[in-house]
Amino acid sequence: MQRLEADPRVTIHYHSQVTALHGDTWLEGITLKTGDTERRIETRALFIMIGAAPNTGWLSGLAETDAKGFVQTGAAAGQSDDYATTAPGIFAVGDVRAGSVKRVASAVGEGSVVVSRIWQYLEDLRVTAA
Ligand SMILES: Cc1cc2nc3c(=O)[nH]c(=O)nc-3n(C[C@H](O)[C@H](O)[C@H](O)COP(=O)(O)OP(=O)(O)OC[C@H]3O[C@@H](n4cnc5c(N)ncnc54)[C@H](O)[C@@H]3O)c2cc1C
């Protein structure tokens with residue numbers, strides 16, 4: 001971010017939303033809304049960066065997250081299991097897990113590993129209830 005801010009070729013429009021795209025055959029411009037002010041910017045390209053914010057608000061009060069909302073697991077959650085959260089029976093894998101490598105292969109790998117942990121958790125519950 002600091003490098004972008006220092007680059008004279010880059011203008012950062014903080015607190016702004018792209019609210020419209022313009023053009024018939026190809027992109028010719030966008031509408032940018034900053035507060036109550038809307039203005040059109042002529043441009044031929046728009047790149048969208050998505051997926052960086054975890055959707056974990058619903059977990060609030062159930063399992064602990066870090067300051068950015070990624071779910072704490074393993075040692076950070078006081079658990080010996082790498083994928084166990086602070087909430088018994090709730091496991092987290094993939095991008096949503098704090099400290100995970102944000103890559104497809106990692107998410108798939110963690111997902112495959114956690115299945116046996118879930119079976120073990122359920123088995124332990126069954127044994128305890130018996
Ligand atoms: C722009 C971009 C480019 C990327 N490029 C690469 C790349 O080249 N190579 C690579 O390896 N990785 C890449 N990644 C990262 C890769 O996409 C992720 O690491 C991977 O998808 C993580 O998988 P996941 O299952 O953990 O999460 P996700 O793929 O994000 O899946 C989570 C799912 O849960 C759903 N969900 C969210 N909240 C709820 C809810 N409350 N209830 C039910 N469902 C819910 C979401 O809709 C989503 O379908 C890229 C990511 C982005 C954003």
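Summary table
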quantity: Protection proxy ranking of 43-56, 16-29 - average other beta-carbon atoms within 10 Å, highest first; calculated: 16-29, 43-56
quantity: Computed [θ] at 222 nm, deg cm²/dmol, the chain (DSSP H ≥ 4; -39,500 (n - 2.57); rounded to nearest 500); calculated: -8000 deg cm²/dmol
quantity: Spin-label model distance (nm) - L125 vs R3, 7 Å beyond Cα toward Cβ; calculated: 4.7
quantity: Spin-label model distance (nm) - M49 vs H15, 7 Å beyond Cα toward Cβ; calculated: 2.0
quantity: Shape of the chain, Cα gyration tensor, a/c cut at 1.5; calculated: prolate
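Quick note: the coordinates plus some simple rules give every number you see, no bench work behind them. Since we're looking at a predicted model, the values are computed, not measured. Methodologically, a virtual Cβ is constructed for each residue, glycine included, from the backbone with ideal geometry; neighbour enumeration extends over all protein chains shown.
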